[in-house]
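To start, the structure itself, in structure tokens.
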């Protein structure tokens with residue numbers, strides 16, 4: 001068993017939740033991650049399959065929902081095991097196991113799956129806004145872009161508050177459907193019969209495949225293996241064992257709540273639509289309008305739309321987190337969270353806007369189905385590596401899954417892979433028959449063959465490619481040894497000292513004298529920003545420039561007896577550009593600047609230098625506060 005603390009998943013919230021003392025408080029400390037996962041099991045993409053199953057076959061397919069929920073529980077428990085024991089998420093483990101080129105392909109597939117999931121959530125939210133407030137779908141999609149910064153705000157509040165927000169949304173969704181059940185008055189005897197496995201015909205088989213394919217989300221597997229690492233636990237076997245147990249309870253409760261929501265959608269469709277002869281209800285908008293007419297109350301469709309909006313909003317938060325995980329795990333690339341959020345949302349918003357503008361709102365339902373097919377294509381590429389990793393005795397130690405668990409896990413992986421392959425094959429067949437294009441047919445067949453080859457490689461590479469522990473890839477560059485004698489001889493020879501003639505100058509010069517040696521060369525810099533300089537943007541000889549030059553010379557006279565050489569440089573207008581150029585011209589190996597302590601809006605007013613300067617120079621920047 002190996003644990004790499006330097007390779008942190010979701011570093012900004014890694015081990016940010018402390019485990020409280022007392023048995024009940026300790027258990028509650030572990031509860032939370034699975035609720036973020038559960039929203040992916042009740043997102044708008046699931047609703048269409050639940051509605052179709054209930055309206056066509058009544059309560060018959062409830063057992064499919066239960067079976068898919070059991071599958072999901074096993075797979076999510078394997079994710080928590082991987083994250084807790086290995087201290088790495090699924091994307092990080094993939095990166096250290098598979099060849100570089102294949103990892104890029106797996107990363108692209110994961111990003112496509114996240115974009116597809118986000119697409120379903122955007123469309124669901126837009127449809128909900130359209131049904132509830134009459135907002136055009138195109139504007140609803142654009143409004144959904146405004147929640148880009150919600151996740152950033154929630155992350156600033158802390159992991160527990162984010163989890164509480166998601167739990168609140170899940171509770172509201174559940175309350176909406178509980179009220180719907182009160183209006184629908186379902187037949188509980190028929191519901192009980194629905195738990196007896198049966199497939200009436202081929203159409204029921206197809207919907208069953210859709211239900212299973214829409215239930216287990218690939219991004220949830222990446223996400224859960226990272227979220228469990230937000231808890232601070234000891235690394236001894238007993239503590240890990242307890243963490244696994246408590247996280248299993250967390251998953252069991254949260255996923256069963258998701259099952260109840262999905263079951264409520266199917267039961268609602270069965271008791272309202274199937275019972276009244278509406279057997280072809282699969283569109284969310286059709287369900288909304290029919291609820292009002294069949295139940296005789298305006299509250300039922302409104303609750304349906306509210307739940308749809310809440311489901312879309314909660315799911316989009318978890319999708320963004322998953323995007324951060326796969327990017328950092330596969331590529332070891334950390335980018336600005338705002339940029340990451342915008343990129344994820346744009347990948348979903350742009351296709352939605354294009355389809356609505358080009359083909360009209362009538363094609364939104366087809367786009368929603370397309371997003372589920374994309375998710376189905378990617379799922380096996382997350383499930384198969386996961387099972388390999390938790391079966392690895394060398395990495396998991398005493399926490400390797402047993403033979404029975406392996407049997408059921410691989411059985412589930414085979415079922416999911418087969419059913420999703422069947423779903424992809426069916427949908428591709430429809431597109432080929434509809435378009436009647438030779439080029440499209442060749443493209444789709446090539447894509448199917450390529451996915452099959454990649455799937456086989458995903459399965460066999462961990463078996464045949466035995467890597468030694470010392471070959472594990474780390475997040476940083478390889479360790480380079482050094483001696484104390486080597487580093488003790490490293491001194492700063494040319495130091496740029498940026499002065500702004502404020503109270504911080506004294507501290508800046510003080511630090512300069514401590515970091516320099518008598519052999520060092522100091523370059524004292526000040527940037528003139530007088531009105532004439534701002535106007536012309538060029539060198540000037542106005543009164544302020546003359547005064548600044550004189551003051552620089554005064555500083556230099558004080559410092560010259562201490563150092564080999566002390567020079568002065570007067571710059572003009574742009575602080576960052578000027579200081580960076582002076583550093584380059586003098587081949588400086590250190591720059592010292594003063595900090596004024598303002599940030600945010602004050603930076604906008606007074607200007608912000610240090611952060612921009614750090615990205616313009618390739619030498620250390622010492623900030624004197």
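Coordinate-derived values only; no laboratory data. Since the model is a prediction, treat every value here as computed from it, not as a measurement. Quick reminder, even Gly has a Cβ in these numbers, built from the backbone with ideal geometry, and neighbours come from all protein chains shown.
Between residue 102 and residue 453, the distance separating the two model label sites (each 7 Å from Cα on the Cα→Cβ line) works out to 1.4 nm. Computed over the alpha carbons of the stretch 24-465, Rg followed by Dmax gives 20.9, 63 Å.
Label sites at residue 299 and residue 178, each approximated as a point 7 angstrom past Cα along Cα to Cβ, lie 1.4 nm apart. In this simple spin-label model, placing a label point 7 Å from the Cα along the Cα-to-Cβ direction at both residue 253 and residue 539 gives a separation of 7.2 nm. Compactness check for the stretch 30-178: Cα Rg over 2.2 N^0.38 Å is 1.23. What FRET efficiency would be calculated for the residue pair residue 70, residue 616, taking the C-beta separation as r and a Förster radius of 41 Å, to the nearest 0.05? Approximately 0.15, to the nearest 0.05. Available extension along the chain between residue 408 and residue 501 is 26.3 nm, counting 0.36 nm per residue and deducting the alpha carbon span.
Ordered by the number of other Cβ atoms lying within 10 Å of each residue's own Cβ, fewest first, 557, 569 fall into the sequence 557, 569.
What ranking do 614, 156 get, fewest neighbouring Cβ atoms within 10 angstrom at the top?
On the way: 614 16, 156 11.
Fewest-to-most Cβ neighbours within 10 Å comes out as 156, 614.
At a Förster radius of 60 Å, what calculated FRET efficiency corresponds to the Cβ-Cβ distance of residue 567 and residue 112, to the nearest 0.05? With R0 = 60 Å, the Cβ-Cβ based efficiency is 0.60.
Order these by the 10 Å Cβ neighbour count, fewest first: 60, 297, 400.
297, 400, 60
Geometric descriptor of the stretch 393-453, per residue, is 86 Å³ (volume of the convex hull of the Cα atoms).
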